[in-house]
Amino acid sequence: MNNTISVPLSEEKKSRWKFFLGELKPKGKMFTWFNIISIPIMLLGLGLIVIRFWKGIGSITNLTQEVPWGLWIGFDVVTGVAFAGGAYVVTFMVYILNMKKYRSIVRVTVLNGFLAYVFYAGALLLDLGRPWNVINPIIGNGFGTSSVLFLVAWHFLLYMLAELIEFSPAIAEWLGAKRAVKILSGMTLAAVIFGITLSTLHQSGLGALYLMAKEKIHPLWYSEFIPILFFVSSIFAGLSMVIFEGSITHKVFSGQISEKNHGQHHQILRGLSKVCTGALFAYFFLQVLVFVHNKNWDYLSTPMGYWYLTEMFGFVLLPMLLFYYSYRRNNITLIKVASVITMLGVIINRLNVTVIGFRWDAAVHYVPSWMEIVVTLAVIFTEIWIFRWVINRLPVLRESPSWAKNMH
């Protein structure tokens with residue numbers, strides 16, 4: 001009896017190993033411009049990360065006791081989390097508002113958001129002088145449970161779990177686990193509601209961290225309303241990333257997209273541009289109110305004031321008008337241009353708060369080292385490689401298997 005049972009089990013294990021080994025093999029062309037550029041940077045970045053953990057954070061960064069948070073926090077975490085905001089906005093539109101035309105982009109948006117959080121959490125470990133102490137804000141040791149850092153840490157952890165549950169039906173379909181697909185699909189709505197709640201909290205929570213740095217941030221970028229501004233900006237930042245990333249994946253992975261979803265692509269971009277217009281208008285209006293409330297008129301005639309006006313008019317008001325015009329005129333190319341300008345504006349704003357405008361009056365200002373920049377690029381390229389690997393194997397852009405469609 002035992003012999004007859006063990007044979008099929010061993011064969012099943014062999015077939016599983018064969019399946020996984022087959023999935024690890026590269027698909028598509030290896031010698032592409034992206035691969036040729038990204039592989040050396042990723043290898044160099046890996047070497048620099050080894051040096052960072054071997055010799056300490058000061059060996060490859062320009063961080064100091066006065067400026068302990070630099071590029072890896074300002075860009076990789078604070079800016080990156082804003083770009084990952086598309087996941088909570090799109091899931092809210094699909095599952096809560098029942099806007100079915102966006103359903104085809106839910107999985108790819110959630111995947112992008114999940115990978116962003118995982119990699120930016122990794123970048124956070126790089127930035128900590130003693131990374132093994134990362135457990136402290138999670139358990140409230142030394143900070144207390146009333147600390148903003150405690151809340152942000154738990155929001156990060158729980159939101160990553162929520163996004164994993166949201167994406168898990170695609171993993172189960174890939175593995176052919178029919179029972180798991182049914183169970184996980186039933187958990188999706190609860191995970192979405194939980195994830196949306198967490199997102200609204202930690203997007204603003206990141207801004208709340210900087211409320212404690214009033215004396216260190218330039219008055220044009222500091223206000224008690226930073227949490228609200230961070231939350232509102234995450235809406236158009238996330239959707240601009242969805243437009244940008246979606247336009248690229250729609251072209252690169254066009255063979256995986258059904259004819260029906262191909263036809264809906266332009267309508268989806270138009271709809272997202274409409275939401276971006278409203279969010280950018282709300283953000284610009286709030287910024288004007290904050291500026292008038294703080295009475296920062298004297299700063300406008302300074303170099304930092306000119307930079308502030310460039311941000312507000314060139315990277316908030318301009319893309320808002322472009323989104324509005326492109327939506328009215330059904331100009332898809334202009335929508336993509338507006339999304340890129342918006343993304344640049346979000347990067348500039350977050351770096352103004354965290355790096356450029358931070359300790360702006362110091363005698364020696366922090367400038368990231370070339371090694372910090374290389375590590376940041378290596379993190380981004382690694383995330384893109386994994387994103388591409390998942391897209392090529394799991395039912396993210398392509399339709400779910402026929403047996404799975406009835407289980408959702």
Here P(r) for segment 136-292, Cα-Cα distances in 10 Å bins, as whole percents, is 9, 24, 33, 22, 10, 2
Rounded, prolate or oblate: which fits segment 251-378 when a ≥ b ≥ c are the square roots of the eigenvalues of the alpha-carbon gyration tensor, with rounded for a/c under 1.5 and prolate only if a/b beats b/c? oblate
With the Cα gyration tensor of segment 327-408 giving a ≥ b ≥ c as the square roots of its eigenvalues, does the rule (a/c under 1.5 for rounded; else a/b larger than b/c for prolate; else oblate) give rounded, prolate or oblate? oblate
Distance in nm between pseudo-label sites at Leu128 and Leu309 (7 Å out along the Cβ direction from Cα): 4.4
Starting from 0.36 nm per residue, how many nanometres of slack lie between Leu321 and Asn294 once their C-alpha separation is accounted for? 7.1 nm
Computed from every Cα-Cα pair in segment 90-194, P(r) in 10 Å bins starting at 0 and rounded to whole percents is 14, 36, 29, 18, 3
How would you order 84-90, 261-267 from highest to lowest mean count of nearby Cβ atoms within 10 Å? 84-90, 261-267
Based on the Cβ-Cβ distance of Thr64 and Lys101, what FRET efficiency does E = 1/(1 + (r/R0)^6) give at R0 = 51 Å, to the nearest 0.05? 0.50
What do you get when you divide the Cα radius of gyration of segment 53-147 by 2.2 N^0.38 Å, with N the number of residues? 1.40
For the peptides 311-324, 128-141, 48-61, what is the packing order when you average, over each peptide's residues, the other Cβ atoms within 10 Å and list the highest mean first? 311-324, 48-61, 128-141
Spin-label point model (7 Å from Cα, Cβ direction): what's the Glu224 to Thr145 distance in nm? 2.7
Leu239 neighbourhood, Cβ < 13 Å, K/R = +1, D/E = -1, net charge +2
Top positive-direction residue, dipole computed over segment 69-359 with Cβ charges, set Met187, Leu209, Val232: Met187
Rounded FRET efficiency, nearest 0.05, which uses the C-beta distance separating Arg398 from Thr32 and R0 of 30 Å: 0.90
Per the helix-only model, the chain has a calculated mean residue ellipticity at 222 nm (DSSP H runs of ≥4, -39500 (n - 2.57) each, divided over all residues, rounded to the nearest 500) of -22500 deg cm²/dmol
Using amide H atoms built in the peptide plane, which far-off residues or other-chain residues are under 5 Å from Arg359 H to H? Ile217, His218
Starting from the Cα-Cα distance between Lys260 and Leu175, subtract it from 0.36 nm times their residue separation and give me the gain in nm to one decimal. 28.0 nm
Which of Lys29/Lys101; Lys29/Lys336; Lys274/Lys336 exceed 21 Å between C-alpha atoms? The answer is Lys29/Lys101; Lys29/Lys336
Write down the radius of gyration of the chain and its Dmax, each obtained from C-alpha positions, in Å. 22.7, 88
Straight-line reach check, Lys182, cutoff 15 Å on alpha carbons, 8 or more apart in-chain or any other chain, hits among aspartates and glutamates -> Glu166, Glu173
At 4 °C and 1.567 mPa s, the Stokes-Einstein diffusion coefficient in µm²/s for segment 27-87, with hydrodynamic radius from the Kirkwood sum on alpha carbon pairs, is 91
Suppose each label sits 7 Å from its Cα in the direction of the beta carbon; what would the Arg388-Ile135 distance come out to in nanometres? 3.8
Rank-order 287-294, 360-367 by packing density, defined as the average count of other C-beta atoms within 10 Å over each peptide's residues, highest first. 287-294, 360-367
If the reach is capped at under 14 angstrom between alpha carbons, list the aspartates and glutamates near Lys260, excluding any in the same chain fewer than eight residues apart. Glu399
When the dipole is taken about the Cα centre of segment 69-359, and only Lys, Arg (+1) and Asp, Glu (-1) are charged at their Cβ, what size is it in debye, to the nearest 20? 800
Length released on extending from Val252 to Leu189, taking residue separation times 0.36 nm less the Cα-Cα span: 19.7 nm
Among His266, Met312, Thr109, the residue whose Cα sits farthest towards the positive end of the charge dipole of segment 69-359, when +1 is placed on the Cβ of each Lys and Arg and -1 on the Cβ of each Asp and Glu, is His266
At what distance in angstrom do the alpha carbon centres of segment 362-408 and segment 248-314 lie from each other? 22
Given Cα pairs under 8 Å that are at least 6 residues apart, what percent is the relative contact order of the chain? 27
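Only the coordinates and a few stated rules stand behind these numbers; no lab work does. What you see is a predicted model, and the numbers here were worked out from it, not measured in a lab. We place every Cβ from the backbone using ideal geometry, glycine too, and count neighbours over all the protein chains shown.
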